[in-house]
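*Asks:* I am attaching a structure below and will ask some questions about it afterwards.
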Amino acid sequence: MTTTSSPFPLLIVALPFLAAFAGLLLSRRPGRPQASRPEGAEAAGRPHRGDNRRAAWIAVLPTALSAALALWLAAAQGFAFFAGRAAAPVGADYGTIVTGTVPITLTLQVDALSGVLGVLVTLVALAVQVYSVGYLHDDRRYPSYSAFISLFTSAMLLVVYSGDLLVLYVGWEVMGLCSYLLIGHWWEDRANSRAAVKAFLVTRLGDVGFLFGIFVLGISADSFRIADVLAKVPEMSTATLVTATMLLLAGVAGKSAQVPLHTWLPDAMAGPTPISALIHAATMVAAGIFIVARLFPAFLGARPTLDVLAVMAALGMLGAALAALAQDDLKRVLAYSTISQLSYMAGGLAAGSDHAAIFHLLTHGAFKALLFLCAGAVIHHVGSNLMSQMGGLRRELPVTFAATTIGFAALMGLPPASGFFSKDSLLLAMDGAVSGATLTDAAALLLYACALATVVVTGAYSARAWLRTFFGPARTIALPEPQPGTAHVVDTREAPRTMLIPIVLLAVPALLLGFAGGLHLDAGVATISVVLALLGAGVVYAFWRGDPVADPARILGPFRVACERAFYVDSVYAALFVRPILALSRLVVSTDDRVVDGAVRGSGRTARGLSGVLRLAQNGNVQLYVSGVLAGVLLIVVGAVMFA
């Protein structure tokens with residue numbers, strides 16, 4: 001298919017990149033000290049409002065322009081993805097890098113798939129940038145924060161629009177760097193910095209396999225251009241495709257937080273809530289699912305890889321949903337929910353429906369961004385992430401309550417919210433895989449059974465989070481006694497407008513985006529899905545109704561602790577990998593200190609000892625020098641007489 005020349009894809013990628021460059025260099029006046037604060041704590045001093053205001057304009061305007069261009073390109077193609085048809089690529093080649101073997105082509109292009117993903121990335125990034133203006137208005141490190149969000153956005157757009165696998169890999173790695181910088185935004189807290197390092201290392205582990213998978217495909221096709229690689233897939237052997245896709249799957253598991261490399265995502269909640277929305281909805285975790293869809297013909301030619309993907313998805317969707325049901329931290333509930341929903345998408349890909357997986361990726365991006373921003377508004381109001389310190393907020397935060405209700409309805413898959421339509425398409429694909437030839441029978445049955453069970457658990461943890469946050473008795477924390485002559489001030493207002501406007505706007509696609517895909521429903525599958533979701537929600541409601549103060553997670557019984565600890569996967573990794581590596585590193589440090597440095601220090605002590613001996617003969621005593629000379633002359637004379 002001929003590519004129509006257009007500079008717009010380059011502009012869409014370049015504008016956030018230039019905003020990041022300008023934000024780091026131009027937003028802050030030189031010579032001013034920086035300080036920051038943890039979420040919910042008091043600010044360290046008064047921020048420089050002019051710097052933050054300047055940084056906000058630098059970040060928001062280019063992102064808004066990128067979003068407008070992305071929308072224009074997708075609209076010019078008639079939103080071909082939703083119509084289920086191909087679209088003529090729009091973009092340009094910007095040269096070729098000669099490597100001596102396989103060249104690297106600097107290509108950016110927009111087709112049906114990348115067009116809708118570009119809209120998702122830019123709109124969610126814009127919502128996060130606007131929301132952050134109010135959420136971090138008193139943070140002295142806001143200028144660098146907003147600049148890193150712009151860089152993050154540009155990197156994800158490079159992944160989406162790239163026409164060459166190695167150019168795509170550049171954006172893939174820059175996203176990893178940005179996630180490290182943003183998760184560790186409040187690095188003064190050691191837990192935050194450790195969470196950032198964990199995310200960086202776990203995703204890097206998967207990226208090693210991802211890079212080698214790119215090499216296998218590129219060398220086999222004699223080109224890293226994605227169109228050329230896909231054209232050569234029918235000529236590649238099954239062994240080549242299985243090897244390449246298995247290696248790529250390692251990177252997908254790391255970036256999209258799939259079993260077994262999923263453990264970094266819940267800890268990534270240490271970053272500011274808007275960053276959680278960006279990572280979970282439009283960047284980072286979406287990249288892995290997008291890559292499988294972009295290279296889907298290669299995965300279809302590697303059936304063993306699809307079986308592995310199906311097993312990973314089955315374990316991830318149900319395990320993460322059970323973990324979400326036992327969490328007290330609202331953001332961690334949403335984090336495990338993201339792992340579960342991403343596993344749904346991976347299951348759809350394994351079942352052979354890339355369209356259903358990307359459709360759910362789009363709707364999930366809308367309602368999960370909405371849920372995270374609503375969670376941020378609640379945390380901003382309450383001053384805590386813990387649902388045990390929330391309750392009865394529906395009257396104090398009516399707009400946030402309504403938007404959160406829409407978000408949870410979409411997450412549960414209740415009509416007419418967007419998640420109902422996309423989840424139905426995924427379940428239909430998995431149902432078809434049971435009798436199809438895409439997966440082996442065992443993998444297909446495991447995938448479909450876990451998907452249905454996950455629908456029940458998703459309804460349960462969504463209802464639990466909704467009830468514990470907005471219903472029941474208000475759990476007020478006693479404030480310290482104020483100074484004499486002053487009164488307690490209780491803030492019962494909604495969040496600032498800069499936070500509420502993105503929430504209200506995101507509620508629209510979270511509710512209505514499902515209709516864009518067409519009403520291609522299977523009545524049987526849709527009915528089963530809704531009934532199972534309501535069953536899980538109903539059980540939780542019954543337990544909550546019996547005792548609104550107690551946690552409905554008690555329905556898990558003796559398995560609650562295991563679910564709360566996410567089945568001890570982190571503990572197993574710590575025992576198998578972390579502690580042995582730390583012990584080995586301590587041994588290396590000790591060996592370096594005692595052997596290598598010891599030898600250097602020993603040679604120094606030996607030289608000093610010898611110099612001390614020589615110093616005895618150089619003490620400045622002239623009589624000793626003369627006596628030495630005479631003694632030497634005497635020895636020479638005696639020797640001459642004796643041996644003459």
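The values are calculated or read from the model by the stated rules, or taken from the named source; none is laboratory data. The shown structure was predicted, so the numbers you read here are calculated from the model rather than taken from an experiment. FYI the Cβ positions are ideal-geometry reconstructions off the backbone, even for glycines, and counts take in every protein chain you see. SASA here: full protein model, heavy atoms, side chains in, ligands and nucleic acids out. Shrake-Rupley method; radii C 1.70, N 1.55, O 1.52, S 1.80 Å.
*Asks:* Would you point out the residue of the range 410-454, among those that are of a type in the set (Val, Ile, Thr) and part of a helix (DSSP H, G or I), that is least open to solvent (accessible area, probe 1.4 Å)? Can you show your working first?
*Replies:* First, the residues of the range 410-454 that are of a type in the set (Val, Ile, Thr): 434, 438, 440, 454.
Checking the rest, the ones that are also part of a helix (DSSP H, G or I) come to 434, 454.
Numbers: Val434: 49, Thr454: 0 Å².
The selected residue is Thr454.
*Asks:* Looking at the range 496-529, which of its residues are among the aliphatic types (A, V, I, L, M) and within 27 Å of Gly392 (Cα to Cα)? Break it down into steps so the answer makes sense when it comes.
*Replies:* Filtering the range 496-529 for residues among the aliphatic types (A, V, I, L, M) gives 499-501, 503-508, 510-513, 516, 519, 521, 523, 525-526, 528.
If the condition is that a residue be among the aliphatic types (A, V, I, L, M) and within 27 Å of Gly392 (Cα to Cα), then Met499, Leu500, Ile501, Ile503, Val504, Leu505, Leu506, Ala507, Val508, Ala510, Leu511 are the ones that fit.
*Asks:* Look through Val549, Val531 and report the one residue that is of a type in the set (A, V, I, L, M, F, W, C), under 12 Å from Leu414 (Cα atoms) and surrounded by fewer than 15 Cβ atoms within 10 Å (Cβ to Cβ).
*Replies:* Details: Val549 fails: under 12 Å from Leu414 (Cα atoms).
That would be Val531, the only listed residue that is of a type in the set (A, V, I, L, M, F, W, C), under 12 Å from Leu414 (Cα atoms) and surrounded by fewer than 15 Cβ atoms within 10 Å (Cβ to Cβ).
*Asks:* Could you say whether any residue in the range 508-524 is without any contact (Cβ under 8 Å) to a residue 40 or more places away in the chain, of a type outside the set (Val, Ile, Thr), surrounded by fewer than 17 Cβ atoms within 10 Å (Cβ to Cβ) and closer than 30 Å to Pro415 by Cβ?
*Replies:* Here is the first cut: in the range 508-524, the residues without any contact (Cβ under 8 Å) to a residue 40 or more places away in the chain are 508, 523-524.
Filter once more, so that each one left must be of a type outside the set (Val, Ile, Thr): 523-524.
In the following step, the residues that additionally are surrounded by fewer than 17 Cβ atoms within 10 Å (Cβ to Cβ) were identified as 523-524.
If we keep only those that are closer than 30 Å to Pro415 by Cβ too, we end up with 523-524.
Yes, the range 508-524 has at least one match.
*Asks:* A follow-up question, please. Would you pick out the residues in the range 254-296 that are more than 30 Å from Val233 (Cβ to Cβ) and either free of Cβ contacts under 8 Å to residues at least 40 places away in the same chain or among the polar types (S, T, N, Q) (or both)?
*Replies:* Of the residues in the range 254-296, the ones more than 30 Å from Val233 (Cβ to Cβ) are 263-281.
Hits for the range 254-296 are Thr263, Thr273, Ser276.
*Asks:* Of the residues Met317, Met345, which single one is crowded, with 24+ Cβ neighbours inside 10 Å and in contact with a His (Cβ under 6 Å, 6 or more places away or on another chain)? Reasoning before the result, please.
*Replies:* Values: Met317 fails: in contact with a His (Cβ under 6 Å, 6 or more places away or on another chain).
That would be Met345, the only listed residue that is crowded, with 24+ Cβ neighbours inside 10 Å and in contact with a His (Cβ under 6 Å, 6 or more places away or on another chain).
*Asks:* Give me the residue from the range 320-336 that is in a helix (DSSP H, G or I) and not aliphatic (A, V, I, L, M) and, out of that set, most open to solvent (accessible area, probe 1.4 Å). Don't jump to the end; show me each part of the working.
*Replies:* First, the residues of the range 320-336 that are in a helix (DSSP H, G or I): 320-326, 330-336.
Still in the running and not aliphatic (A, V, I, L, M): 331-332, 336.
Details: Lys331: 0, Arg332: 62, Tyr336: 16 Å².
So, considering only residues that are in a helix (DSSP H, G or I) and not aliphatic (A, V, I, L, M), the one most open to solvent (accessible area, probe 1.4 Å) is Arg332.
*Asks:* While we're here: Could you tell me whether any residue of the range 175-193 is more than 24 Å from Phe21 (Cβ to Cβ), within 16 Å of the chain's Cα centre (by Cα) and touching a residue at least 24 places away in the same chain (Cβ under 8 Å)?
*Replies:* Among the residues of the range 175-193, at least one is more than 24 Å from Phe21 (Cβ to Cβ), within 16 Å of the chain's Cα centre (by Cα) and touching a residue at least 24 places away in the same chain (Cβ under 8 Å), which makes the answer yes.
*Asks:* When the range 181-199 is examined, which residues are found to be in contact with a helix residue (DSSP H, G or I) (Cβ under 9 Å, 6 or more places away or on another chain), open to solvent by 60 Å² or more (accessible area, probe 1.4 Å) and closer than 20 Å to Arg140 by Cβ?
*Replies:* Trp187, Asp189
*Asks:* In contact with a Phe, Trp or Tyr (Cβ under 6 Å, 6 or more places away or on another chain) and either surrounded by fewer than 24 Cβ atoms within 10 Å (Cβ to Cβ) or of a type outside the set (D, E, K, R) (or both): which single residue out of Leu151, Leu136 fits that description? Steps first, answer last, please.
*Replies:* Values: Leu151 fails: in contact with a Phe, Trp or Tyr (Cβ under 6 Å, 6 or more places away or on another chain).
When all the criteria are applied, what remains is Leu136.
*Asks:* Within the range 386-409, does at least one residue satisfy the condition of being within 22 Å of the chain's Cα centre (by Cα), open to solvent by 10 Å² or more (accessible area, probe 1.4 Å) and at pLDDT below 95?
*Replies:* Looking for residues that are within 22 Å of the chain's Cα centre (by Cα), open to solvent by 10 Å² or more (accessible area, probe 1.4 Å) and at pLDDT below 95, one finds at least one in the range 386-409, hence yes.
*Asks:* In this structure, does Val457 turn out to be free of Cβ contacts under 8 Å to residues at least 24 places away in the same chain, open to solvent by 10 Å² or more (accessible area, probe 1.4 Å) and in a helix (DSSP H, G or I)?
*Replies:* So Val457 fails the test.
*Asks:* While we're on this one: Would you mind stating whether Tyr541 is in contact with a Ser or Thr (Cβ under 7 Å, 6 or more places away or on another chain) and touching a residue at least 60 places away in the same chain (Cβ under 8 Å)? Give the derivation first.
*Replies:* Details: in contact with a Ser or Thr (Cβ under 7 Å, 6 or more places away or on another chain): no; touching a residue at least 60 places away in the same chain (Cβ under 8 Å): yes.
No: the conditions fail for Tyr541.
*Asks:* When you check Leu108 against the structure, is it modelled with pLDDT of 90 or more and closer than 21 Å to Ile279 by Cβ, yes or no?
*Replies:* Details: modelled with pLDDT of 90 or more: yes; closer than 21 Å to Ile279 by Cβ: no.
It is false that Leu108 is modelled with pLDDT of 90 or more and closer than 21 Å to Ile279 by Cβ.
*Asks:* Given (1) under 20 Å from Gly134 (Cα atoms); (2) touching a residue at least 40 places away in the same chain (Cβ under 8 Å), where does Pro415 come up short, assuming only one miss?
*Replies:* (1)
*Asks:* Got a number for residues in the range 201-232 being surrounded by 18 or more Cβ atoms within 10 Å (Cβ to Cβ), among the aromatic types (Phe, Trp, Tyr) and either touching a Pro at 6+ places or on another chain (Cβ under 6 Å) or part of a helix (DSSP H, G or I) (or both)?
*Replies:* Count: 1.
*Asks:* Of the residues that sit in the range 250-262 and are farther than 12 Å from Thr338 by Cα and open to solvent by 10 Å² or more (accessible area, probe 1.4 Å), which one is nearest to the chain's Cα centre (by Cα)?
*Replies:* Going through the range 250-262, the residues farther than 12 Å from Thr338 by Cα turn out to be 250-255, 259-261.
Now restrict to residues that are open to solvent by 10 Å² or more (accessible area, probe 1.4 Å): 250, 259-261.
Details: Ala250: 15, Val259: 14, Pro260: 15, Leu261: 12 Å.
In this case the residue turns out to be Leu261.
*Asks:* Name, by its number, the condition in (1) open to solvent by less than 20 Å² (accessible area, probe 1.4 Å); (2) touching a Phe, Trp or Tyr at 6+ places or on another chain (Cβ under 8 Å); (3) hydrophobic (A, V, I, L, M, F, W, C) that does not hold for Ala70.
*Replies:* (2)
*Asks:* Yes or no: Val578 at pLDDT below 90 and in a helix (DSSP H, G or I)?
*Replies:* Working: at pLDDT below 90: yes; in a helix (DSSP H, G or I): yes.
Judged against the criteria, Val578 is a match.
*Asks:* Looking at the structure I just gave you, is Leu616 closer than 30 Å to Gln327 by Cβ and open to solvent by 70 Å² or more (accessible area, probe 1.4 Å)?
*Replies:* On the way: closer than 30 Å to Gln327 by Cβ: no; open to solvent by 70 Å² or more (accessible area, probe 1.4 Å): yes.
It is false that Leu616 is closer than 30 Å to Gln327 by Cβ and open to solvent by 70 Å² or more (accessible area, probe 1.4 Å).
*Asks:* Please verify whether the range 266-281 includes one or more residues that are surrounded by fewer than 21 Cβ atoms within 10 Å (Cβ to Cβ), at pLDDT below 95 and assigned to a loop (DSSP other than H, G, I, E, B). Walk me through how you get there before you give the answer.
*Replies:* Kept after step one, since they are surrounded by fewer than 21 Cβ atoms within 10 Å (Cβ to Cβ), are these residues of the range 266-281: none.
Checked the range 266-281: no residue is surrounded by fewer than 21 Cβ atoms within 10 Å (Cβ to Cβ), at pLDDT below 95 and assigned to a loop (DSSP other than H, G, I, E, B).
*Asks:* Which is among the hydrophobic types (A, V, I, L, M, F, W, C), touching a Pro at 6+ places or on another chain (Cβ under 7 Å) and part of a helix (DSSP H, G or I), of Ala68, Ala92, Ala55? Steps first, answer last, please.
*Replies:* Details: Ala68 fails: touching a Pro at 6+ places or on another chain (Cβ under 7 Å); Ala92 fails: part of a helix (DSSP H, G or I).
Exactly one residue qualifies, and that residue is Ala55.
*Asks:* Working only within the range 34-67, note down all residues that are surrounded by fewer than 11 Cβ atoms within 10 Å (Cβ to Cβ) and either modelled with pLDDT under 50 or under 20 Å from Gly271 (Cβ atoms) (or both). Quick ask: steps written out before the conclusion?
*Replies:* Kept after step one, since they are surrounded by fewer than 11 Cβ atoms within 10 Å (Cβ to Cβ), are these residues of the range 34-67: 42, 46, 49.
Glu42, the sole residue that qualifies.
*Asks:* Within the range 76-101, how many residues turn out to be surrounded by fewer than 17 Cβ atoms within 10 Å (Cβ to Cβ), of a type in the set (Val, Ile, Thr) and modelled with pLDDT of 85 or more?
*Replies:* 4
*Asks:* Restricting attention to the range 433-457, report how many residues are among the polar types (S, T, N, Q) and touching a Lys or Arg at 6+ places or on another chain (Cβ under 9 Å).
*Replies:* Residues of the range 433-457 among the polar types (S, T, N, Q): 435, 438, 440, 454.
Next, only the ones that are touching a Lys or Arg at 6+ places or on another chain (Cβ under 9 Å) stay: 438, 440.
Qualifying residue count, the range 433-457: 2.
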